[in-house]
There are 4 protein chains.
Amino acid sequence: MIELTTSYLEEAIEDSRPFAASGNVNMNLPNFDETMKDRLGVSVITTDLECYSAGEHRQFVPMQSTSKVIGLMLALQDFGKERVFNAVGMEPMGDFFNSISQLESYDTTKPFNPMINAGAIAVSAMIKGQSPENRFNRYLEFLREITDNEKLDMSEDVYEAERANGSRNRALAYFMHSTGTLVTDVEEALDLYYRMNSVMMCCDDFARVGLFLARGGRSPRSNERLIPSNHLRTVKAIMMTSGMYNSSGHYAVEAGFPCKSGVSGSIIGAIPGRMGIGVVGPAIDEKGNSTAGGALIKKLAQDLGLNMFGENGGTG
Amino acid sequence: MIELTTSYLEEAIEDSRPFAASGNVNMNLPNFDETMKDRLGVSVITTDLECYSAGEHRQFVPMQSTSKVIGLMLALQDFGKERVFNAVGMEPMGDFFNSISQLESYDTTKPFNPMINAGAIAVSAMIKGQSPENRFNRYLEFLREITDNEKLDMSEDVYEAERANGSRNRALAYFMHSTGTLVTDVEEALDLYYRMNSVMMCCDDFARVGLFLARGGRSPRSNERLIPSNHLRTVKAIMMTSGMYNSSGHYAVEAGFPCKSGVSGSIIGAIPGRMGIGVVGPAIDEKGNSTAGGALIKKLAQDLGLNMFGENGGTG
Amino acid sequence: MIELTTSYLEEAIEDSRPFAASGNVNMNLPNFDETMKDRLGVSVITTDLECYSAGEHRQFVPMQSTSKVIGLMLALQDFGKERVFNAVGMEPMGDFFNSISQLESYDTTKPFNPMINAGAIAVSAMIKGQSPENRFNRYLEFLREITDNEKLDMSEDVYEAERANGSRNRALAYFMHSTGTLVTDVEEALDLYYRMNSVMMCCDDFARVGLFLARGGRSPRSNERLIPSNHLRTVKAIMMTSGMYNSSGHYAVEAGFPCKSGVSGSIIGAIPGRMGIGVVGPAIDEKGNSTAGGALIKKLAQDLGLNMFGENGGTG
Amino acid sequence: MIELTTSYLEEAIEDSRPFAASGNVNMNLPNFDETMKDRLGVSVITTDLECYSAGEHRQFVPMQSTSKVIGLMLALQDFGKERVFNAVGMEPMGDFFNSISQLESYDTTKPFNPMINAGAIAVSAMIKGQSPENRFNRYLEFLREITDNEKLDMSEDVYEAERANGSRNRALAYFMHSTGTLVTDVEEALDLYYRMNSVMMCCDDFARVGLFLARGGRSPRSNERLIPSNHLRTVKAIMMTSGMYNSSGHYAVEAGFPCKSGVSGSIIGAIPGRMGIGVVGPAIDEKGNSTAGGALIKKLAQDLGLNMFGENGGTG
């Protein structure tokens, strides 16, 4: 086992960076271009609050699908497990994250799980608030608290790009509306979803979200438990089976701890009782996962003994 | 947290037994009838080799799909990870375990993972041996060693029933043969698969298999490592994402440790570094999992702190 | 063979009316209620312009899917066969008319044919015009000419109901927009589609559309050919293979001539060189076809020798 | 309109032969090789029994899927329409002819129609006979009578090749057995199916089958009606909607009369009341239809006015 130090992380970054070559930057995102391709950063924060960073860990990218983790926590808080999983399943699916056939071809029209787009749209429609603004503010305030970063905010440019490229998500949402899975106003639900995806974060922030999950849902400000343990277990289990798009099974084998990725090249990792990890590497594979970031996650699992299926249950 | 004792297990059995009422006994299996319905047994063996049992833990049932775990270990040993996962995927699928559409509708004709029937047939065709008898004997000898039970053997009646009800598996195997996924003799591959499913075991044996996975692949006889750690991690990760048929996501959330079930009502559980669990409860739900056995597994996870996604990573 | 007379049609109506009992009125349509259930009307116009009617042949209902026939004729006229079938296929599909999986699960994202909703939305987006109003007016003027009925118009109530229940069609259209199949403004395309579906017609008008198809595309006013013969052949062939939703194969066998139905209980029939038929019977089956109307169509085919697969090719 | 003469057919052959270049010969069939690629033959027999032939009309090829037409006639004769279509549907499907997903993914496990492999296996299992030999003999005798060709027989080589490449059909048949769609012995059903596909015929024979369908099911020997008219109508309608694999819709539009093709490059055409057509052109497209043969069929439709959707209903 290797000891976690800054210099170890720096080496790990340089070992993993070449994997960026096999990926592509998602050019639909504003300011994402070829110059982003080989950027790679990582932050790790242990449950005793030691922080380590390396590479371009201050590179801000939009949350994209990593927002699904936050949305699920808030919906569980607001409606409880039973009602949330009445609207959306908790089964992994061996298909692409934005599948619409899945909604049609099974007995149930419930989206398979909250980590696919359809499921996340249905789940985020459950975040409480008196108005659309209010609901997004609640999301943003929660995110600011758990990352202890008051400056986090949505990018208007990303939000506009999400809306402009939103036909597939619109199709998913209107389909769910037609089957009664989505009962709220469709355009409002989509608007919130786009806003959630557009919040800009860097590795430090992503690592803070991972730490929040790994450390009992405690606020870094007050140390209070903000989300009950059982909801956190639920979120982490779903990240394990479904967090890395159509490669979730691969990451369960090769990393062995709960992760959630976004097409901005971001990854949140949460090793229960040990640490949170934030990675940003914008070159993604055809499944949607950061190529260099994924390589880095697997290397950390191996070197630091984080694989929960190891003999010691990921404890070293 | 509750302490693991025999009397705790006895209470847990009685609390879980009523769930048998919502299930049905698989009448295709010889000697399976209504009198089996409310039987429920459990054995737990900790990594420091303490054994606890309760209920009908001496009820023998055929392995059925729990054999997939053994087949995967042997194939990994014989061909290595790369070649095995060249023939079969490692992604969970949100569909029934014996789906044939899955084989047809995706770009690849690889079965999704080794825990579904198609995948398991392809994987068990990789167990080495000079003749069909030889290959089954290797499987049986391995099973006898890791359970330390020389008496384990195949039931001829179950084997005959498997063959007689084998049209669906035949369809899967011939389909894979037509696409080049299965290159060996189809009838031989099926024959081995039927034999593997027909070995009779009780809770003590199932728990021994779980312990083997949880404790670094050590023989209970020689204490030697029979299967390398990285293969065991692979098997446990795949059990977590895909071991409980189409309810795997549900069990990842509600139990939170690797399990594999069979339609005989058997369940193998493996909590890395802590314990192996064997359950038998013949009444199964429409997904194929023991109803009372599943309830028991979830209760143990909760009471004994076995959920790996908990704050302490399943260590209490 | 029975001779076509008004009294024969009256008998045929009374023989077919009882089949209404097995259907249901589509209550999403304004003014559609239980009192509509057993209405049934028919008009037949031969190519030598003899007209026969019976039953409630003056019952007006919205065109619904029968509009797809008109949209396809206009798009063929405006863009030609090659360009239209570059955007939409011409293969029948064994699935429900509003399937979205079909759009996702095949190599191509082209809708299967112009008779399913997705295909019809894509096709009607090809009707030329300088503005949305202009395009609908062109549709309406064409319809007025071929039915020789200047009074035909859209029902505002039906249009509003179409819009209000439009989530499924919105999902189809946005999905096609996301794949590049639909390149025009989605909301405009849907608006035109809803308007087309909302034009009110009775049996006489539906029969006139059938006659237009059966008689070389001649205007009943000027006797001029408005649509070239080869486009009419195309439309009739597609009606035969795909015009009766998921029962198209059944009607090819049992009626044996080109038909197109709508969920308002309307049916257009076209027997090349012989006659046009219009039927209205609001009680529909779960596929979307009028139950009494379908029975009547099959009876006429049998009694009047209209089945084109008969020994005399439907000529008696 | 062009007059049907031998010299016209010779020209039509030479016009169509170049389309062979875009196809490929099915090398799984014995004696099928590159030298077969640009062969093309045609025979036409009118209902007043005039015969015209051109090109390699004496080239013998195995029936392959054209046997489905014969099997359906015999099953209808033996069990009647109701029982046959209780076991198999009559709806076209927009999918490849040997799809197994179709069997799984719909409510019903009935094969879509008798022209796809699954449907044909189920249908041919309905041909009556006291033994397998007896059932095949009945098929062969019927074929000899309607083609008036006592020499027709099965090729042992083709039969062996069918068996050797039969995994996909085996998968289909075992799947249907597992769902209860196929209740007879699977291996016997497959054996009959392989034999039926292996009968060798040339254009003259295929044209005779077409004529039989076009001319009221009369024996060319006795002029007696061997199959009732309503069964022939059913067969022709199903050929129209489903006879040309996944291009059936295309052929309904472009040829407009009932056809059935086989992967040996054979096509049977039946124009009710007018003529039977037999075509052989071994180069096939990826759907399974003869490329040059298909071009020829479409040319004949156009030149001879055979399209039933034309103004005169295909009567010139």
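What follows is calculated from the coordinates using simple rules that are stated; it is not laboratory data. What you see is a predicted model, and the numbers here were worked out from it, not measured in a lab. Methodologically, a virtual Cβ is constructed for each residue, glycine included, from the backbone with ideal geometry; neighbour enumeration extends over all protein chains shown.
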Exercise. From the backbone phi of region D:270-281, what are the Karplus-calculated ³J(HN,Hα) couplings (6.51 cos²θ - 1.76 cosθ + 1.60, θ = phi - 60°) in whole Hz, Gly and Pro given as x?
Worked result: 9, 9, x, x, 10, 6, x, 10, x, 10, 9, x
Problem set entry | Ascending count of other beta-carbon atoms within 10 Å, so fewest first, for C:ILE277, D:ILE127 | D:ILE127, C:ILE277
Exercise. Under the Karplus relation 6.51 cos²θ - 1.76 cosθ + 1.60, θ = phi - 60°, what is the ordered set of whole-Hz ³J(HN,Hα) values for region A:21-29, x standing for Gly and Pro?
Worked result: 4, 7, x, 9, 7, 6, 6, 5, 8
Exercise. Measuring from a point 7 Å out along Cα→Cβ, what nm distances, shortest first, does D:LEU49 have to its partners in the other copies?
Worked result: 4.5, 9.5, 10.4
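How large is the dipole of region C:65-197 about the Cα centre if only Lys and Arg carry +1 and Asp and Glu carry -1, each at its Cβ, rounded to the nearest 20 debye? Before the final figure, lay out each step's value.
Working: 13 positive and 20 negative charges, 57 e Å.
That gives region C:65-197 a dipole magnitude of about 280 debye.
In peptide A:208-220, how many Cβ atoms from other protein chains are near each Cβ within 10 Å, on average? Spell out each step's value before the answer.
Values: counts 0, 0, 0, 0, 0, 2, 3, 1, 3, 1, 1, 0, 0.
What the average comes to for A:208-220 is 1.
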Exercise. Could you give, in nm with one decimal, how far A:ASN149 is from each other copy of that position, shortest first, with labels 7 Å out from Cα toward Cβ?
Worked result: 5.3, 6.5, 7.8
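On average, how many beta carbons from a partner chain sit within 10 Å of the beta carbon of a residue in C:250-258?
Values: counts 6, 3, 14, 13, 6, 1, 7, 3, 2.
The shielding value for this peptide is 6.
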Exercise. About its Cα centre, what dipole magnitude does region C:203-316 give when the only charges are +1 on Lys and Arg Cβ and -1 on Asp and Glu Cβ, stated in debye to the nearest 20?
Worked result: 420
Exercise. Picking from C:SER198, C:SER290, C:SER247, which is most flexible by a Gaussian network model of chain C using Cα springs under 10 Å?
Worked result: C:SER247
Exercise. What residues have an amide H closer than 5 Å to that of A:ILE284, excluding those fewer than 5 places away on the same chain, when H is modeled at 1.01 Å from N in the peptide plane?
Worked result: A:ASN24, A:VAL25, A:ASN26, A:THR291
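Over 31 Å between C-alpha atoms is what I'm after, so list which of C:LYS81/C:LYS299; C:LYS110/C:LYS236; C:LYS287/D:LYS298; D:LYS236/D:LYS299 land there. Working shown, then result.
Numbers: C:LYS81/C:LYS299 34 Å; C:LYS110/C:LYS236 21 Å; C:LYS287/D:LYS298 33 Å; D:LYS236/D:LYS299 20 Å.
Among C:LYS81/C:LYS299; C:LYS110/C:LYS236; C:LYS287/D:LYS298; D:LYS236/D:LYS299, the Cα-Cα distance tops 31 Å for C:LYS81/C:LYS299; C:LYS287/D:LYS298.
Quick check on chain C: what does the Kirkwood estimate of hydrodynamic radius come out to from the alpha carbon pairs, in Å? Numbers along the way, then the final one.
Details: mean 1/r = 0.0524 Å⁻¹.
By the Kirkwood definition, the hydrodynamic radius is 19.1 Å.
Per-residue mean of other chain beta-carbon atoms within 10 angstrom of the beta-carbon, peptide D:237-245?
Numbers: counts 12, 4, 2, 9, 10, 5, 0, 0, 1.
Whole-number average of other-chain Cβ neighbours for D:237-245 is 5.
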For this session: Quick one: angle between helix D:132-147 and the longest Cα principal axis of chain D, in degrees between 0 and 90, rounded to 10, please.
Result: 20
Exercise. Sorting C:MET200, D:MET275 on the 10 Å Cβ count, fewest up front, what's the list?
Worked result: C:MET200, D:MET275
For this session: May I have the extent of the alpha carbons of region B:65-197 along their three principal axes, as whole Å values ordered from largest to smallest?
Result: 44, 33, 28
Problem set entry | Of B:GLY129, B:GLY217, B:GLY23, the one that fluctuates the most in a GNM where chain B has Cα springs shorter than 10 Å | B:GLY129
Exercise. Roughly how many nanometres apart are two label points built 7 Å out from the Cα toward the Cβ at C:ASN165 and C:ILE2?
Worked result: 3.3
Seminar exercise, completed: Largest fluctuation, A:TYR194, A:TYR245, A:TYR174 only, Gaussian network model of chain A with Cα springs under 10 angstrom, belongs to A:TYR174
Seminar exercise, completed: Per DSSP loop assignment and a cutoff of at most 14 other beta carbons within 10 Å, chain A keeps its longest run without exposed GluC sites (Glu not before Pro) at A:51-149
Seminar exercise, completed: Inter-copy distances for C:GLY80, label 7 Å out on the Cα-Cβ vector, sorted ascending, nm, one decimal, are 5.4, 5.8, 6.5
Seminar exercise, completed: Sorted by chain and number, the residues with a modelled amide H under 5 Å from that of D:VAL199, at a separation of 5 or more or across chains, are D:MET63, D:GLN64, D:SER155
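Trypsin sites (Lys or Arg not before Pro) within region D:51-96: which are DSSP loop residues with at most 13 other Cβ atoms inside 10 Å? Can you show the working numbers first?
Numbers: sites: D:ARG58, D:LYS68, D:LYS81, D:ARG83; in loops: D:ARG58.
Taking region D:51-96 and a limit of 13 other Cβ atoms within 10 Å, the loop trypsin sites (Lys or Arg not before Pro) found are D:ARG58.
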Exercise. So what's the angle, to the nearest 10 degrees on a 0 to 90 scale, between helix D:186-197 and the longest Cα principal axis of chain D?
Worked result: 10
Problem set entry | Chain D, closest residue to the rotation axis toward C, by beta-carbon, whole angstrom | D:PRO92, 2
Exercise. What value, in deg cm²/dmol to 500, does the helix sum -39500 (n - 2.57) over DSSP H runs of n ≥ 4 give at 222 nm once divided by the residues of the protein assembly as shown?
Worked result: -14000 deg cm²/dmol
Exercise. Suppose every K and R has +1 on its Cβ and every D and E has -1 on its Cβ; what is the size of the dipole of the protein assembly as shown about the Cα centre, in Debye to the nearest 20?
Worked result: 0
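In what sequence do C:LYS298, B:LYS151 fall when counting other Cβ within 10 Å, fewest first? Write down the numbers at each step before the final one.
Details: C:LYS298 20, B:LYS151 8.
Placing the least packed residue first, the sequence is B:LYS151, C:LYS298.
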